[in-house]
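The structure appears right after this line, and notes come after that.
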Amino acid sequence: MAVVDEKSFSGASGKLNLATSAISKNVSDLEAYYECKLLNRNTRNMHITAEGQHFLDEFKRILAQLNELKTGVSARKNKIAGELKITSPDNAQGLGLDKKISDFILQYPDVNVIWYQQNRHTNIVEEGIDVAIRIGKLDDSNLIVQQIAQVDNLIVASPTYLKKYGIPSHPSDLSHFPCIIEISNVHPWSWPYTENNLQNNVAVSGKVKLNKGETVAYFAVKGHGIARLPRFMMQEYLDRGELIPILESYYTEPLDISLVYPKNNQNNVVLSTFIKFIR
């Protein structure tokens, strides 16, 4: 697993503090034992084979089960211990998650927490994640979803921008105003709005395209365009009057904030403890 993670024998050697020759022999012994090629390797490159990928997935599943056994034993001893891998959008600390996760670690010091903050879709099963914190509508899946909160999506601009370009009176007007596009969204150039209890969309455009919410908020403050963001990403700017909400009567329903985790993790004591704590 370390060889695949580090993409080289030398990288695995540094990670595991073992000689490269020892790691190479271990891989060769595994290939001999299972009578199949796990890695294609030469002096320059190393690639995992289809059989190797199968074994890697199985090894990860076994390790996850062993971790569940470990946490189960700890629970029987009235001790919450083990590892918890969390993933969330990299701007989710604005939801107060940093404080909640910090408090959880302080209350359960025998839990090792790994928190990945990243703006990309994560396959939590394949990547061995215990729980994901997701914002917005989720696709149907075999994962368990528990809503823990909601957050408003606002359309905003700076006072300077509104003085220069005027205030749009209807969401359809946004197609004629410079907007800031957050390209990490699923549909970045289509902004939804509600009118007469029906949801519609307006096509927007702009010269500035960014992939991080806080940066979008900053550029909106500087007058580069109109932005559409969840409230938590720009609350400080709103409080100081540096961003002004517009078109408020056309806002869509609040976004759900949810905990998402695999069904086979339901017996994970560390995870269930975390869920109860954060809710």
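Brief remarks on what is shown
- H170-D98 pseudo-label distance in nm [points 7 Å out on the Cα-to-Cβ vector]: 4.3 nm
- Scaled against 2.2 N^0.38 Å for its residue count N, the alpha carbon radius of gyration of segment 173-230 is 1.10.
- Potential extension, K60-D239 segment - 0.36 nm per residue separation minus Cα distance: 59.8 nm
- Between I133, I148, I124, the residue with the greatest mean-square fluctuation in the GNM of the chain (Cα pairs under 10 Å linked by springs) is I148.
- For segment 1-70, the Kirkwood radius over C-alpha pairs fed into Stokes-Einstein at 4 °C and 1.567 mPa s yields D = 101 µm² per second.
- Net charge of the neighbourhood of P245, taken over other residues with C-beta under 13 Å away and scored Lys/Arg +1, Asp/Glu -1, is -2.
- 33 Å tail of the calculated P(r), the chain, as % of Cα pairs: 42 percent
- Rounded if a/c under 1.5, otherwise prolate or oblate - segment 148-245, Cα gyration tensor axes: rounded
- Entries of K99/K207; K60/K263; K137/K209; K37/K60; K60/K137; K7/K85 with Cα pairs more than 27 Å apart: K99/K207; K60/K137
- For the chain, the longest principal axis of the Cα atoms and the long axis of helix 20-34 meet at an angle of about 80 degrees.
- Rounded to the nearest 500, the 222 nm mean residue ellipticity of the chain from helices alone is -10500 deg cm²/dmol, with -39,500 (n - 2.57) taken per DSSP H run of at least 4 residues.
- Computed over neighbours whose Cβ is under 13 Å from that of V221, the net charge equals -2, Lys and Arg +1, Asp and Glu -1.
- Length gained on full extension, T122 to D256: 46.5 nm, using 0.36 nm per residue less the C-alpha separation.
- Cα centre as origin, Lys/Arg/Asp/Glu Cβ charges: segment 153-253 dipole, Debye: 400 debye
- Likely footprinting exposure, T160, T273, fewest C-beta neighbours within 10 Å first: T160, T273
- Within the listed set Y193, Y165, Y250, the residue fluctuating most in the Gaussian network model of the chain (springs between alpha-carbon atoms under 10 angstrom) is Y165.
- Rh by Kirkwood over Cα pairs, then Stokes-Einstein D for segment 196-272 at 0.692 mPa s and 37 °C, µm²/s: 210 µm²/s
A short reminder: the numbers here are calculations on the coordinates, not readings from a lab. The structure displayed is predicted, hence computed values, not measured ones. In this analysis, Cβ positions are derived from the backbone assuming ideal geometry, glycine residues included, and neighbour counts consider all displayed protein chains.
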